[in-house]
Amino acid sequence: MSLNYLSQVYDLLDTPDVDGEKMAALLHSVGSSDAIITVISIPYESPEDTSKLCHFIKVLIPGSEGKHRGGAYPTLGIIGRLGAQQAQPSRIGIVSDADGSIVAFASAMKLLDMAAKGQTLKGDVIISSHIATHVSITPHDPVDFMGMPVSSNTMNQYEVDKQMDAILSIDTSKGNSIIKQRGIAISPTAKQGYILRVAPDLVRLLEYATGDVAKTFPITTQDISPYDNGVYHFNSIMQPHIATQAPVVGLAITAKSIVPGSETGASYESELIDAMRFTVEVAKQFCWDKIRFYQQDEYERLYDLYGSLAQIQG
């Protein structure tokens, strides 16, 4: 089990002075010498406090036959999507919005540990997320809105990598009235403006990882369109779709009740470990070229019938 990694990541993100270098040090402590861990720190964007820094962390774990080493096996992208881990000074400690980054960083630690022990995957894995601790909270019904340190487009610039052949985007999704189940759920696959059917391979792995029937959640064309276009979005979980040609699937961490992303004491260990377990299994199978995020023949048929929908990506 990987509860130890989850606990270490949670505790670090719960500290008031956490930053990118401290997270990188934790990831390096696992001991995989081949991994490449980078940290880029940039100022917040207005209307947030531009004197603060947002820290983007990217982890490349090379596969034995992945593109980094000149091989042909596919690369999985894992993105921990969020606004911020903390909302200082209005809140003390880690908030619910942090869940996506917790799962991404803990999954990175597990995959780094596997690589250090010789359990190298065939393809590469790229894990990315960011760290921010000071954002505003805006009153809103039914839940208050967490601020974002930078725009969604800026996040995509640093978190979406052109080498990613598929992307699993992980995000807290508790502050809504759409999903009424506690646990984790996956979205249909989005690719270049098309919303495709829920991937059967991912349904199977989700049921293996949770020991329960697979939970899914709906997305709309609005959700896969740019975040700043003025229309309603479920949340930002599908925003990596804007910046890639690769298929994107959202992994939502959910609740029965409406839970604001800006609240502390609202991250649940059971859901986080399920999400981490699923994420690691997806990495194993996808980088071994044994599962698909979408059926290519079905996508090509839709494209032949209806043409490009890439304009939805903005």
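The values are calculated or read from the model by the stated rules, or taken from the named source; none is laboratory data. This structure is a prediction, so every number in the text was calculated from the model and none was measured. Backbone-built Cβ (ideal geometry, glycine too); neighbour counts: all protein chains shown.
If you scan the range 206-229, which residues turn out to be aliphatic (A, V, I, L, M), closer than 17 Å to VAL103 by Cβ and surrounded by fewer than 22 Cβ atoms within 10 Å (Cβ to Cβ)?
Residue satisfying the conditions is ALA209 alone.
Filter the range 24-38 down to the residues that are free of Cβ contacts under 8 Å to residues at least 40 places away in the same chain and surrounded by fewer than 17 Cβ atoms within 10 Å (Cβ to Cβ), then identify the one that is farthest from ASP11 (Cα to Cα).
The initial filter retains those residues of the range 24-38 that are free of Cβ contacts under 8 Å to residues at least 40 places away in the same chain, namely 24-25, 28-29, 36-38.
If we keep only those that are surrounded by fewer than 17 Cβ atoms within 10 Å (Cβ to Cβ) too, we end up with 25, 28-29, 36, 38.
Working: ALA25: 14, HIS28: 17, SER29: 15, ILE36: 23, THR38: 21 Å.
Only one residue fits best here, namely ILE36.
Can you spot a residue in the range 69-76 that is surrounded by fewer than 24 Cβ atoms within 10 Å (Cβ to Cβ), in contact with a Phe, Trp or Tyr (Cβ under 8 Å, 6 or more places away or on another chain), at pLDDT 95 or above and basic (Lys, Arg)?
Taking every residue of the range 69-76 in turn, none turns out to be surrounded by fewer than 24 Cβ atoms within 10 Å (Cβ to Cβ), in contact with a Phe, Trp or Tyr (Cβ under 8 Å, 6 or more places away or on another chain), at pLDDT 95 or above and basic (Lys, Arg).
Need the failing condition index for TYR232 against (1) of a type in the set (Phe, Trp, Tyr); (2) surrounded by fewer than 21 Cβ atoms within 10 Å (Cβ to Cβ); (3) touching a residue at least 12 places away in the same chain (Cβ under 8 Å), just the number.
(3)
Does ALA106 meet the test of being touching a Cys at 6+ places or on another chain (Cβ under 7 Å), buried (at least 20 other Cβ atoms within 10 Å of the Cβ) and of a type in the set (A, V, I, L, M, F, W, C)?
Here the answer is no, as ALA106 does not meet what is asked.
Please determine, by comparing only the residues of the range 189-200 that are surrounded by fewer than 22 Cβ atoms within 10 Å (Cβ to Cβ), in a loop (DSSP other than H, G, I, E, B) and on the phi < 0 side of the Ramachandran plot, which one is nearest to the chain's Cα centre (by Cα).
Among those residues, the one meeting the criterion is VAL198.
Under 6 Å by Cβ, and 6 or more places apart or on different chains, what pairs join a residue from the range 128-154 that is touching a residue at least 40 places away in the same chain (Cβ under 8 Å) with one that is surrounded by fewer than 16 Cβ atoms within 10 Å (Cβ to Cβ) and part of a strand (DSSP E or B)?
PHE145/THR138
Considering each of LEU302, LEU272 in turn, give the residue that is surrounded by fewer than 21 Cβ atoms within 10 Å (Cβ to Cβ), in contact (Cβ under 8 Å) with a residue 40 or more places away in the chain, in contact with a strand residue (DSSP E or B) (Cβ under 8 Å, 6 or more places away or on another chain) and not in a loop (DSSP other than H, G, I, E, B).
LEU302
Which of the numbered conditions does MET146 fail, given that it passes all the others? Conditions: (1) at pLDDT 95 or above; (2) crowded, with 20+ Cβ neighbours inside 10 Å; (3) closer than 25 Å to ILE42 by Cβ; (4) not polar (S, T, N, Q).
Status for MET146: all satisfied but (1).
Among the numbered conditions (1) modelled with pLDDT under 95; (2) touching a strand residue (DSSP E or B) at 6+ places or on another chain (Cβ under 7 Å); (3) more than 19 Å from ALA98 (Cβ to Cβ), tell me where HIS241 comes up short.
So HIS241 meets the others, but not (1).
Tell me which residues, restricted to the range 305-314, are assigned to a helix (DSSP H, G or I) and either in contact (Cβ under 8 Å) with a residue 24 or more places away in the chain or touching a helix residue (DSSP H, G or I) at 6+ places or on another chain (Cβ under 9 Å) (or both).
ALA310, GLN311, ILE312, GLN313
Hey, does the range 269-286 have a residue that's touching a Pro at 6+ places or on another chain (Cβ under 7 Å) and more than 17 Å from LYS215 (Cβ to Cβ)?
For the range 269-286, residues touching a Pro at 6+ places or on another chain (Cβ under 7 Å) and more than 17 Å from LYS215 (Cβ to Cβ): present.
Just checking, how many residues over the range 142-178 are part of a strand (DSSP E or B) and closer than 22 Å to VAL259 by Cα?
First, the residues of the range 142-178 that are part of a strand (DSSP E or B): 145-146, 166-172.
Pick out the ones that are also closer than 22 Å to VAL259 by Cα and you get 145-146, 169-172.
Number satisfying all stated conditions: 6.
Restricting attention to the range 239-269, report how many residues are assigned to a strand (DSSP E or B) and either crowded, with 19+ Cβ neighbours inside 10 Å or not β-branched (Val, Ile, Thr) (or both).
Residues in the range 239-269 being assigned to a strand (DSSP E or B) and either crowded, with 19+ Cβ neighbours inside 10 Å or not β-branched (Val, Ile, Thr) (or both): 7 in total.
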